[in-house]
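Values in this text are rule-based calculations from the coordinates and carry no lab data. Since this is a predicted model, take the numbers as computed values, not measurements. Note that we place each Cβ from the backbone using ideal geometry, even for glycine, and neighbour counts take in every protein chain shown.
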Amino acid sequence: MAFEHPAKKGGQGRLGPFEKLAELASNFTSSPTFSVFCVLLVAGFVAVHLAHLDTSWQHLFGDAMGAVALLLLALLKNSERRAEHAIQSKLDAIAAVLLEQGERQGETGPAHKNLAESIGIEDGD
C-alpha cells in the first residue's frame, strides 16, 4: 500500500470508488438535510440527558455524535487535499505558460530559472 496523495492516485481526471464515495458524502454533508440530522442528533442527546434516562441512551447518542464527527473530519481532510491538488495543478499550468512565453522571448534570467525549478520542468512533470 503506497502512501501517496489521494488526488494523484489513478491518473488525472479519473475517480476511483473511494473518491466517488467521498464526493457523494461531501455533497450530502454540505446539504440542509445533513444539518437537520445533526441538529436532531444533538437535540436527542440533550433531551435524553435532561430526561435523566438510562446512561446507555446517553452513551448511544454520544457515540453517534463521535462517529459523525470522525467521519466529517475524514471527509474534510479528503476534500482539502483534493482542492489543494486542483489549485497546485492550475498554478503549474500557469507557470508552464509563463515559461513558454519567456522562452519564446529569449528570457532566461534568474526568475525564469527559479520558476522552472519550482515546477520541476526539467523532471518532465
Legend entry - ³J(HN,Hα), Karplus 6.51/-1.76/1.60, whole Hz, each residue of the range 94-105, x for Gly, Pro: 5, 5, 5, 5, 4, 5, 4, 5, x, 5, 5, 8
Legend entry - Point-to-point label distance, Phe28-Gln58, nm (Cα→Cβ direction, 7 Å offset): 3.0
Inset, instruction - Tabulate in residue order the Karplus-calculated ³J(HN,Hα) for the range 49-57, using 6.51 cos²θ - 1.76 cosθ + 1.60 with θ = phi - 60°, rounded to whole Hz; enter x for Gly and Pro. - result: 5, 5, 7, 6, 6, 3, 5, 5, 5
Legend entry - Inter-probe distance in nm under a simple model that places probes 7 Å from Cα toward Cβ, at Lys77 and Lys20: 2.5
Inset, instruction - Calculate the spin-label point distance for Ala111 paired with Ala96, positioning each point 7 Å from the Cα along the beta-carbon direction, and give it in nanometres. - result: 2.2
